Every structure is written in structure tokens, then in C-alpha cells.
Amino acid sequence: MSAKIIDGKRIAEEILENIKAQVDEMRTKPVLAIINASEDPASEIYIKAKIKACEKTGIGCEVIIFDSNCTQKEVVKKIKELNNNEKISGIIVQLPLWKHLDEEEILNTVLPKKDADGLTDINLGRLFGNKKGIVPATPHAILKAIEDVEVSGKNAVVVGRSKLVGKPLAHLLLQKDFTVTVCHSKTENLGEFTKNADLLVSAVGKKDLITKSMAKSGAVVIDVGISRFGNKIYGDVSKDVCEIASYITAVPGGIGPITVACLLESVVEYTK
Ligand code: NAP
């Protein structure tokens, strides 16, 4: 068996076309503000992708850069200004931040109704309380990726337990009646868990963490991880997993583009 590839670019294009159609109808166009307070090379790539997607859909985009001399107060003050600026519909704090900044305080300064990433305590609380609201973009993208894919059973294993991906995803899968196991860096015998997964999601950032012997035949495999060696980008899942999986996402071109599209969906939602 050779796995079918879940085409993230195509799914993202469809979402972006739909967003563009909505934005075309809007008198006041949404504007996304992105705070970049780091010199993380991956962040630069993500921000470029977000700017490009904004251009495609007619959403305005403003990037605010803070250098390594910035203070916590300055960043918080800027976010408060954006909160009060009627022209700004959504705000993203691009992670990671400079090490001296307090991520929790900065994320929670964003007004929940402008929190495009869904990472404020209030929006995460709504998610964990099963209330309707904005869902973090990457878990949302993973749900979109599996929307039209048949998963042969209800055992889901999520590798990674971050606030950005693993935890919200586990909750969303529970809402969809999966039996969910969450693994992390302290999990012993990771393969014993992943081998039971009808749906296996890896969100770690370690090349070849998941090998063929760790996956179940026929599993749907979603590779969220990103690691870089030189100019090349890798996921967490080794190539040989394609031999036994039923469906798999590519890296790059898998969850990444869908995540950007889902983020813009949130921005449009906040503008309505
Ligand atoms: P993170 O906050 O660093 O979390 C990584 C998670 O992986 C942690 O829960 C960690 O466990 C776990 N982990 C580390 N080593 C492990 C191991 N050997 N076995 C099992 N689990 C292990 O990262 P994140 O923000 O969730 O992102 C995860 C990955 O997805 C990164 O590569 C990131 O670049 C990528 N990402 C991609 C997209 C996209 O759009 N494609 C979006 C977001 C993130 P502990 O909790 O025990 O430390």
C-alpha cells in the first residue's frame, strides 16, 4: 500500500478563495496585525506566508517588529493600541518571543475578540468548556485536513502537548468522539502508543521521530512537525511510513498552508 497524500495546498487554496469572496463583499476590509518580537528564521517564513495569503484574499496586513532591546512594557503598550484601533480586526503574536519577554502576559493582552490565534486564556477556556469560539489555527487546520478522509477507527494519538497544537487538538478530537491519547517527551515506549493509532498526529519538530514500525497499517498520519537542516525542511514522520499509512500529509505543503488559511478565516470571522 502507498499512502494517498492529503494535499494541504489545495485545501488551503479552497479556503482562501472562499475568504476572498467574503472579503470582496465587505465594505470595511479586515486588517491583521502581526507582532514579531524575535529573530527566529522560522517565524520570518511563517510571517511571509501570512502576508502573501492576506494579499491573495484582500485582507490588510501590518507587521510590527520589535528588536532585542524591546521591553515588555513597549510590547504590551503596542498590543493595547491595536486592541483599541477599530481598523484592526485580528492580532497575532508570532511565537517564539525574545527570551526576556513574558509570553503569557503578552498573549493575554490581546483582546479575546481580536485574538486570531485563539491563544488567550479566555478563548482557550471557551474551547475547553465546549463553547463556540475561535480555535487555534493549527488544530483547526488538522480537522480540515481529515474532513474528507475516512479514518478506519476512533483511536487517535497526538504526539506533543503544547498549548498551540497538542492540547487543543486533543480536546477537538474528543469532541469528535475519538479516544485520544496524548504523548510527550516523557512518554516511555512511544511506539507502543502510536502503533494503536487510527489517526496519528505528530507535532514535535524532530525529524524521523515516527518510523514505519511505530505506525499502524492503514492509519491516517498527520505530520505537523517542522525541523530544518540547511535549506531543507522536514516533518516528524519518516518517509517509509507512506508504505503502510492510508493517508498522509506532506511537509512542506501539508498542515502549514491550511494553518495560514484557517488563521485568516478567524480574522474574517472577527470582522463580521
Ligand atoms: P512545542 O511547544 O515545542 O511542543 C513540542 C511538543 O513535543 C512538547 O509537548 C514536547 O513534550 C513534545 N516532544 C518533544 N520531544 C519529544 C519526543 N522525543 N517524543 C514525544 N514528544 C516529544 O512545539 P509546538 O509549538 O507544539 O510545535 C510542534 C511542532 O509543530 C514544531 O516543529 C513546530 O514548528 C510545528 N508547527 C507547525 C505548524 C504548521 O503550520 N505546520 C504550526 C505550529 C507548529 P514536552 O511537553 O514534554 O516538552
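The Cα-based radius of gyration and maximum Cα-Cα distance (Dmax) for the range 21-81 are 13.8, 42 Å. Between 0 and 90 degrees, the angle of helix 72-84 with respect to the longest Cα principal axis of the chain falls at about 80 degrees.
Expressed as a fraction of 2.2 N^0.38 Å, the C-alpha radius of gyration for the range 143-272 is 1.03.
For K29, a cut-off of 16 angstrom between C-alpha atoms picks up these aspartates and glutamates, skipping any fewer than 8 places away in its own chain: E17, E55, E62, E86, E265, E269. Computed with the Debye formula from one identical point scatterer per Cα of the chain, without solvent, the log10 of I(q)/I(0) at q = 0.08 Å⁻¹ comes to -0.32. Along the axis of the charge dipole computed for the chain (Cβ charges of +1 for Lys and Arg, -1 for Asp and Glu, origin at the Cα centre), the listed residues G125, S227, H171 are led at the positive end by G125.
A cysteine counts as unpartnered when no other cysteine's C-beta lies under 4.7 Å of its own; in the chain this applies to C70, C183, C242, C262. For the chain, the longest principal axis of the Cα atoms and the long axis of helix 166-175 meet at an angle of about 70 degrees. Mind running the shape call on the range 152-223? Use the C-alpha gyration tensor, a ≥ b ≥ c as the square roots of the eigenvalues: rounded below 1.5 for a/c, prolate if a/b tops b/c, oblate otherwise. Taking the square roots of the gyration eigenvalues as a ≥ b ≥ c, the range 152-223 is oblate.
Rolling a 1.4 Å probe over the protein heavy atoms of the range 107-204, with every protein chain left in place, gives an accessible area that is 49 percent carbon and sulfur.
In this structure, H100 and F128 have a Cβ-Cβ separation that, at R0 = 25 Å, corresponds to a calculated FRET efficiency of about 0.25. When the listed pairs K99/K239; K99/K132; K50/K232 are checked against a 24 Å cut-off, the alpha-carbon distance exceeds it for K99/K239; K99/K132. Potential lengthening of the chain between H184 and K9 amounts to 60.2 nm, from the contour at 0.36 nm per residue minus the alpha-carbon distance. In the context of the full set of protein chains, residues of the range 1-128 present 56 Å² of accessible surface per residue (probe radius 1.4 Å, heavy atoms only). Solvent-accessible surface of the range 148-220, averaged per residue with a 1.4 angstrom probe and all protein chains in place: 50 square angstrom.
The values are calculated or read from the model by the stated rules, or taken from the named source; none is laboratory data. The shown structure was predicted, so the numbers you read here are calculated from the model rather than taken from an experiment. Backbone-built Cβ (ideal geometry, glycine too); neighbour counts: all protein chains shown. The protein model used for the area step is the full one, side chains on, heavy atoms only, and it has no ligands, DNA or RNA in it. Shrake-Rupley method; radii C 1.70, N 1.55, O 1.52, S 1.80 Å.
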